[in-house]
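*Asks:* Right, I'll just put the structure down here and ask away after.
A short reminder: the numbers here are calculations on the coordinates, not readings from a lab. Please read these numbers as outputs of a predicted model, since none were measured by experiment. Ideal geometry is used to build each Cβ from the backbone, glycine not excepted, and the neighbour counts take in all protein chains shown.
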Amino acid sequence: MVNIIRVFHSYSGENCKLKKKDLKELINSQMSSFVKQVQDTHTLDVIFSDLDANYDREIDFSEFAALVAMVTSACHVSFHEMQ
């Protein structure tokens, strides 16, 4: 849990929120083993829009935690399919 918080804070600014470019960088550098690298703008727009629950054009920690949960859940399903 501490590592998840540290990763979030290393990409979020002083206001503890991720802008779209920060989210892209975080996904590509920290989740590339689990999430296909985000290269095209449309894919990033969809991910960002789905996460931005309060429509403030930034991702706070709670919204980021939803992404972590989705990726973890998908990995869990894949893990069972591989067995």
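*Asks:* Which one is surrounded by the most Cβ atoms within 10 Å (Cβ to Cβ), of the residues in segment 9-25 that are over 10 Å from ASP60 (Cα atoms), charged (D, E, K, R) and more than 11 Å from the chain's Cα centre (by Cα)?
*Replies:* Out of the qualifying residues, it is LYS21.
*Asks:* Condition (residue is in contact with a Cys (Cβ under 7 Å, 6 or more places away or on another chain) and either of a type in the set (A, V, I, L, M) or in contact (Cβ under 8 Å) with a residue 40 or more places away in the chain (or both)) applied to segment 1-21: is it met by at least one residue?
*Replies:* No, segment 1-21 has no match at all.
*Asks:* Answer yes or no as to whether ASP40 is within 22 Å of ALA74 (Cα to Cα), buried (at least 16 other Cβ atoms within 10 Å of the Cβ), without any contact (Cβ under 8 Å) to a residue 12 or more places away in the chain and not basic (Lys, Arg).
*Replies:* So ASP40 fails the test.
*Asks:* Report yes if some residue within segment 60-79 is loosely packed, with under 11 Cβ neighbours inside 10 Å and of a type in the set (D, E, K, R); otherwise report no.
*Replies:* Looking through segment 60-79, none of the residues is loosely packed, with under 11 Cβ neighbours inside 10 Å and of a type in the set (D, E, K, R).
*Asks:* Mind counting the residues in segment 1-19 that are more than 17 Å from MET70 (Cβ to Cβ), assigned to a helix (DSSP H, G or I) and out of contact with any Ser or Thr (no Cβ under 9 Å at 6 or more places or on another chain)?
*Replies:* Number satisfying all stated conditions: 6.
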